[in-house]
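Below: one structure, written as structure tokens.
We did not get these values from a lab; they are worked out from the coordinates using the rules stated. These numbers come from a predicted model, not from an experiment. Cβ: placed from backbone, ideal geometry, glycine included. Neighbour counts: every protein chain shown.
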Amino acid sequence: MTTLFRYLVDQREWKDPRAFIPRFREAAQRLSETDQDPDLATCTPAASTFEAWYYNQRKPNRDARRVLVALFGCSFERLWGPGENALSASAEASRTEDHTTSDAELRDMRKGAEMAARRARDFAMGAERGQLGEETIGFLQDEVRSIAERYPRVPLTDVFDDLVSAQDEVFRHIEGGRSRPSQLRQLHIMATLLSWFMAKASHDMGDASTALTQARAAGVCAQQAEHPVLIALTDGLKSLITYWSGNADDALYYARKGAAEHPGLRGTTSVWLASLEARAAALLGDAEAVLAASERAERLREHTVPDDVDNLGGLLTFRPEKQLYYAVESHVLLGHGDARTANQAEQAVEVFSDPDAPHWAFGDQAGAQCNLALIRLHANDLDGAADAIRPVLDLPPRRRNRGIVVSAQRVRVALSRESLRTAAVARDLREEIALYPPHRPALMC
């Protein structure tokens, strides 16, 4: 079998060991510095070893696998899988060169149009210097809505610059003292949301401390705006950040705080807080609290009336599909693996299978797939678990945010159970997941 590794080596014209080995050595040294693992710095194959890899006569050891994954940017399983798909894709690309060229031209034109629109926006906002005009408010509101819709669907790198710029713009207008009271409240609402997004971004990059700083700033802005939904939404985000950081007590506290201080909420934030509470309680192993919070979430869902935050859509509304994903995760954390939970887990994966659906989010899809893998491991269905987590392991590094990485590591821990530990599939998956976290979660290019 011709491996993808061999195909990629040929594509780069590295078949000569004198071409391949220096590049391998450079990748090993970079990885050694990044992972602070001095053993990697000396990981260099002999020419005969490289040739054995090339002809699929031998597989690399653990350290060499780590370097190869970093060098080629895909999982080891894919590297040592068949290369025919890559070859056929290359042939197809050459047959459709004209179509590809026209697509590239269209992308360039769209990019030019986006740049022109941004220039027009900057001009219009500049024309209102000295006063805060309605057009400036409108531009900023459009940006907030756009970020809310795009954030859960694209890598963080695609929205981060826009997010930083918009937050700075809103802060500048608040500090400038040129706004009327009604405008100032609108600005504080937007500052809350943009700081909330920045907190989520810092969390996705694996920086819980910075995330909580931004979340607290969002809370201050929400208080200034006197907006109960946003205050509760900020408590929910603090619960989410601390949950994925493993601080279950704090996660439970923030979820309950948001619900207790704002019992009159009718939008989906109330359902989110109850679902966050259930998930945090599950992390603590409190089955009774999980049941109570889950039942409350279901009751609240029945009486939900969308509010102004829900109407922004995207990341700011807690849809039934996401509620199902949270409910399954709560059961998984309690160690449940019965048929009903398994069916719910499969349903959660199914509802996130369509990237065109309005509720789709790549992070929720990956989390649902990891939960399904865990449930199958509870049933000792190792092959089924491997199938469930495979799409997660194949995600490009810049989509591997903090929540996805933690979910994958939970599967790795489950694969270490005594009944599974010695199986070849379990061993290979553990090794692959060990290499999974990117060096800069959610911002790897």
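Observations, loosely collected:
- Relative to the longest principal axis of the Cα atoms of the chain, helix 84-95 runs at roughly 70 degrees.
- Note on Arg25 and Arg421: the extension gain reaches 139.4 nm, defined as 0.36 nm multiplied by sequence separation minus the Cα-Cα distance.
- Proximal lysines relative to Lys238, as straight alpha-carbon distance under 28 Å, when same-chain residues fewer than 8 apart are discounted: Lys200, Lys257, Lys322
- The C-alpha atoms of the chain define a longest principal axis, and helix 402-414 lies at about 50 degrees to it.
- Gain in span if fully extended, Lys59 to Ala379, counting 0.36 nm per residue against the direct Cα distance: 112.1 nm
- If you plug the beta carbon distance of Trp360 and Asp308 into 1/(1 + (r/R0)^6) with R0 = 30 Å, you get a FRET efficiency near 0.85.
- 15 Å cut-off, amide nitrogen to a point 7 angstrom out along Thr2 Cα→Cβ, residues in the range 27-55: 54-55
- In the range 244-308, trypsin sites (Lys or Arg not before Pro) in a DSSP loop with at most 16 other beta-carbon atoms within 10 Å: Arg266
- Label separation (Ala260 vs Arg145): 3.8 nm, computed from points 7 Å beyond Cα along the C-beta direction.
- Multiplying the residue separation of Ser165 and Thr34 by 0.36 nm and subtracting their alpha-carbon distance yields 44.2 nm.
- Peptides 334-344, 12-22 ordered by packing proxy, namely the average of other Cβ atoms within 10 Å per residue, highest first: 334-344, 12-22.
- Inter-part distance where the range 224-242 and the range 387-411 are each reduced to a Cα centre, Å: 27
- When each of the peptides 28-38, 417-427 is scored by the mean number of other C-beta atoms lying within 10 Å of its residues, the order from highest to lowest reads 28-38, 417-427.
- Shape of the range 215-309, Cα gyration tensor, a/c cut at 1.5: oblate
- Against the chain, whose longest principal axis is taken from its Cα atoms, helix 17-35 shows a tilt of about 40°.
- Cut-off 17 Å, label 7 Å out along Cα→Cβ of Asp394, residues of the range 1-41 by amide N: 3-5
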